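> The structure is given below, and queries will be raised subsequently.
The values are calculated or read from the model by the stated rules, or taken from the named source; none is laboratory data. As the structure is a computational prediction, the values presented were derived from the model and not from experiment. Using ideal geometry, Cβ is built from the backbone for each residue, glycine included, and neighbour counts are taken over all protein chains shown.
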Amino acid sequence: MATDLRSAVDLEVPTAVAVRGLDKSFGAQHVLRGVDLGIAPGEFVALLGRSGSGKSTLLRVLAGLDTDFDGEAAVPRRRAVAFQDARLLPWKRVLDNVLLGQRGRAARAKGLETLDEVGLADKAKAWPHTLSGGEGQRAALARALVREPELLLLDEPFGALDALTRLKMHALLRKLTAVHRPSVLLVTHDVEEAIVLADRVLVLTEGRISLDARVELPEQRPRRSPEFADLRDRLLGELGVGESER
Amino acid sequence: MTSIPIKNIGQIDFRAVAARLRLDRLRILIGPVALLALWQIGSATGLVPEQTLAAPSTVIAAGADLIEAGRLQEHLLVSLGRAATGLALGVTLGAVLAVVAGLFRLGEDFIDGPMQILRAIPALALVPLAIVWFGIGEEVKVFLVVFATAFPVYVNTHAAIRGLDPRFAELARTVELGRFALVRKVILPGALPGFFTGLRFATAISWLVLVVSEQINATSGIGYLMTQARSFAQTDVIVVGLVVYGLLGLVSDRIVRLVEGRVLPWRRTFAAQ
């Protein structure tokens, strides 16, 4: 019944993520109903959905946090996850949090380098509770990136941040993914965030992928362009937001 | 437009001056000093008879005499030794049992139930049984301290391990932390604050148990000194013993807090915010 996560290498497919007929239930509640999903290496995919649509469940399956499901799912060996809460261990300094699960002498230097990349070089020795919300998420991103993931799973990582900080984090994430080129699955409920960041936007409705749209916009993604507005309206419509509510 | 001064310009701000001189800290002494003065006056006027309660001045003199004769130090050392031995054994036992019960399901089944039942027994109720087992030597006192201190450490440490945020365990899985690393880097450090709460309870309880067991059957220790003074109705010596017990309790609590601050720096800065 339940299928284990298998390495993409086993399937000999060029995709980083290959999901076929993924089914997941919690008791009587059928959360995912035959999801098919492929993510190419280096591709940035945003997954939109209303609360309870199953988007976080899908991410948790790909993260290996939920192994009790039906169907097939293949993901790369090296994965990293960032959650909505920074989830830093309060009793470890920022650098040691970044290095959690890393071994060897070279790890430390690499941890510092990654902290520098996210703009937290001066906070390496700080305690997590002294960080602001944005800094905490930067540290969580550093912890994910230091693992050099082939697949980066982001579960509403900016959901708890204020609007200004969120914009800065968008720019940072774009910069980082351009350098590291992991495949990314970003779960979010923010339509504009999805359009600004992703190469492809999916909408999950009642456990099925109901819309799969490639973002054909110039690199800078001007929010005022008609193409941006068109795509936003399409996605909001798919999410069940009426025209008067937009 | 009228403006209201939020601070009287030109006036001396006594609070600010006092704060700068750290006089604020002395304010907590006002109550105790007044009480001591009342007590001294009561004794001098005969309102408080000597055989009921010795005057503060008499108590100080008695304390000085005891120190000069070396008796106070001698008995204090004995009491300290008993408390330290009992506390060390009891705390170790409580912590080890808590970790085993917290980490292993089998440990939980075998340890937690009995511990929850045993902890309902007041340690001092074990005095008769302890005397039957160990006679009236050193072992009784140490045993009682061990028994009484193991429980607060066990209960608080165990609760801390069980109550650890499951999201941290989930995080550990995403960074592929091994089982050993999970225990060493996540579970044990996360349970330390609970352990220290237990340790502070245990330290306070160790004196309580020692006071009683030293007064029941002993030939040395602060409790013995007080019992002996009782037979001669020396209220001054009894009060000296009370003061020593009080100081021991205060000092040991401060030491535990100091160690706690050193071991848990991430908490110290948290409290200082």
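> Say whether the condition of being over 15 Å from the mean Cα position of the chain (by Cα), without any contact (Cβ under 8 Å) to a residue 60 or more places away in the chain, surrounded by fewer than 18 Cβ atoms within 10 Å (Cβ to Cβ) and more than 14 Å from every other protein chain (Cβ to nearest Cβ) is met by at least one residue in region B:170-182.
Within region B:170-182 (the criterion being over 15 Å from the mean Cα position of the chain (by Cα), without any contact (Cβ under 8 Å) to a residue 60 or more places away in the chain, surrounded by fewer than 18 Cβ atoms within 10 Å (Cβ to Cβ) and more than 14 Å from every other protein chain (Cβ to nearest Cβ)), the answer is no, since none of the residues qualifies.
> Give the number of residues within region A:89-109 that are under 12 Å from B:VAL186 (Cα atoms) and more than 9 Å from chain B (Cβ to nearest Cβ).
Here the count works out to 1.
> So, B:ILE111, is that one assigned by TED's automatic domain parsing to the domain that holds B:GLY241 and surrounded by fewer than 14 Cβ atoms within 10 Å (Cβ to Cβ) or not?
No; evaluated as a whole, the condition is false for this residue.
> Moving on to the next point. Pull up region A:113-126, narrow it to residues that are part of a helix (DSSP H, G or I) and either surrounded by 21 or more Cβ atoms within 10 Å (Cβ to Cβ) or among the basic types (Lys, Arg) (or both), then point me to the one that is farthest from the other protein chains (Cβ to nearest Cβ).
A:LEU115
> If you don't mind, another one. State whether the residues of region B:137-160 include one that is at negative phi, polar (S, T, N, Q) and within 11 Å of chain A (Cβ to nearest Cβ).
no
Residues are listed down the side, and each one gets a yes or a no for (1) closer than 27 Å to B:PHE195 by Cα; (2) of a type in the set (A, V, I, L, M):
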residue	(1), (2)
B:ILE67	no, yes
B:THR85	yes, no
B:LEU97	yes, yes
B:LEU106	yes, yes
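> Would you say B:GLU260 is surrounded by fewer than 18 Cβ atoms within 10 Å (Cβ to Cβ), among the acidic types (Asp, Glu) and within 14 Å of chain A (Cβ to nearest Cβ)?
For B:GLU260, the condition - surrounded by fewer than 18 Cβ atoms within 10 Å (Cβ to Cβ), among the acidic types (Asp, Glu) and within 14 Å of chain A (Cβ to nearest Cβ) - is not met.
> In this structure, is B:THR219 more than 14 Å from every other protein chain (Cβ to nearest Cβ), assigned to a helix (DSSP H, G or I) and of a type in the set (S, T, N, Q)?
No; evaluated as a whole, the condition is false for this residue.
> I'd like to verify a number: residues in region A:127-137 that are within 24 Å of A:ARG78 (Cα to Cα) and either at the interface with another protein chain (Cβ under 9 Å from one of its Cβ atoms) or surrounded by 24 or more Cβ atoms within 10 Å (Cβ to Cβ) (or both), how many?
Adding up the residues that qualify gives 1.
> Next question, about the same structure. Quick one: would you say B:ALA191 is within 13 Å of another protein chain (Cβ to nearest Cβ) and either of a type in the set (A, V, I, L, M, F, W, C) or over 30 Å from B:LEU76 (Cα atoms) (or both)?
Against the criterion (within 13 Å of another protein chain (Cβ to nearest Cβ) and either of a type in the set (A, V, I, L, M, F, W, C) or over 30 Å from B:LEU76 (Cα atoms) (or both)), B:ALA191 qualifies.
> Of the residues that make up region A:67-86, is at least one under 25 Å from B:PRO265 (Cβ atoms), surrounded by fewer than 21 Cβ atoms within 10 Å (Cβ to Cβ) and not assigned by TED's automatic domain parsing to the domain that holds A:ARG208?
There is at least one residue in region A:67-86 that is under 25 Å from B:PRO265 (Cβ atoms), surrounded by fewer than 21 Cβ atoms within 10 Å (Cβ to Cβ) and not assigned by TED's automatic domain parsing to the domain that holds A:ARG208.
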